[in-house]
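Novice: What follows is a single structure, and I will ask about it in a moment.
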Amino acid sequence: MGFRGQIPPSTGLYQDIAGDGQSWKWDASAGVYVPYTPTSAAPVPHWDTFIVANPPAANYPLTYTPQSDSAIVFLADQLIPPNQYTINGSTLTLGAGVTPAAGQELDVHYWTGSPSLWVPASTNGTAAAPKQTGWFAAGFPDPTAYWIWDRPTAYSDAPKGAVYFRRLIQLNSPQTVRIYLSVDDTGEVYLDGTLAVENTAAKAWETTVTADLTLAAGVHWIAMHGEQGAGVPQPDPASDLLAIYSLVNSAPSQLLVHTDATWDCIGYPDQPPDGWPGPW
């Protein structure tokens, strides 16, 4: 019977990959894996749609109670930032900065079931001023982008393994873009579930790789993975640095997104997150 991840793990659930769907947990006192049954149902996606009334309402009753931080809200096909609405139980409340018009469509995508494993990423110095010695990525264009990892204390207690990041961006028009990526030790970026670029250089934290592609107008999922290689003394956390620019005449023009604390993260799971690499 095989397991994904470190063996033995210090904590956490490890999924049997023999195909029977059984989850297993490491019993440190006995030094063996023991069967484990999750206490909550597997995550289930939902999509609620509302037509804004006249006069517009501020509160909208959802069909179910979402997982924490799992909701994605659109008004007239425009993404509403999470700081402009609140969800209390199964009620969505729009903030004062959101001004819907009668007849507009309000869409809410969310999950129910197991508690969300995605948490805000932690930052670890910028491209121009990294906290780790030697993390100066040659050719990286954005000095204000942050190296990100899964926890504030990662440099003192992170295990070997992989971290996973995700973020939404919205484009109001089609764009040709360039992705810049540096990682420690290796990693890759997906756009809407398709591999866009990977960095496997010998010293990837000193190396910037790029990829150009064209994106349609609308919302796009960015998924990013970083992994710390075997044989590296611990602690030495996996970390990623990214910037995406629009291109004009094949030259970087406008910064569209970079790595910072607005990204979601799952650190060092035994296997890739559900739905990886998106879109969610």
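The numbers here are math on the coordinates, done by the rules we state, and not lab data. Computed from a prediction, not measured in an experiment: that's the story for all the values here. For neighbour counting, all protein chains shown are included, and Cβ atoms are generated from backbone atoms with ideal geometry for every residue, glycine included.
Novice: Using the per-residue mean of other Cβ atoms lying within 10 Å as a proxy for protection, in what order, highest first, do the peptides 52-64, 241-253 fall?
Specialist: Those peptides, ordered most packed to least, come out 241-253, 52-64.
Novice: Same structure, new question: Given Cβ point charges of +1 (Lys, Arg) and -1 (Asp, Glu) and nothing else, what value in debye, to the nearest 20, does the dipole of region 148-280 about its Cα centre take?
Specialist: 320
Novice: Additional query: Run the simple label-point estimate for D77 and L171 please: 7 Å along Cα→C-beta, distance reported in nm.
Specialist: Label-label distance for D77 and L171, simple model: 1.5 nm.
Novice: Could you give the length gained by full extension between A211 and A53, i.e. 0.36 nm per residue of separation minus their alpha carbon distance, to one decimal place?
Specialist: The A211-A53 span can extend by a further 52.4 nm.
Novice: What is the Cα coordinate range of region 186-276 on the first, second and third principal axes, sorted by size from largest, in whole angstrom?
Specialist: Dimensions of region 186-276 along the principal axes of its Cα atoms: 44, 30, 23 Å.
Novice: What number do you get for region 142-202 when its Cα radius of gyration is normalised by 2.2 N^0.38 Å, N = residues?
Specialist: 1.33
Novice: Which three numbers, in whole Å and largest first, are the semi-axes of the equivalent ellipsoid of region 168-209 derived from its Cα gyration tensor as √(5λ)? Walk me through the numbers before you get to the answer.
Specialist: Details: eigenvalues 114, 23, 12 Å².
For region 168-209, the ellipsoid semi-axes come out as 24, 11, 8 Å.
Novice: Tell me whether region 119-267 comes out rounded, prolate or oblate; compute the Cα gyration tensor, take square roots of the eigenvalues as a ≥ b ≥ c, and use a/c under 1.5 as the rounded threshold.
Specialist: Verdict is prolate for region 119-267.
Novice: In nm, what is the difference between 0.36 nm times the number of residues separating S250 and A129 and their Cα-Cα distance? Display every interim value, and only then the final one.
Specialist: On the way: separation 121, 0.36 × 121 = 43.56 nm, distance 2.80 nm.
Using 0.36 nm per residue and subtracting the Cα-Cα distance, I get 40.8 nm.
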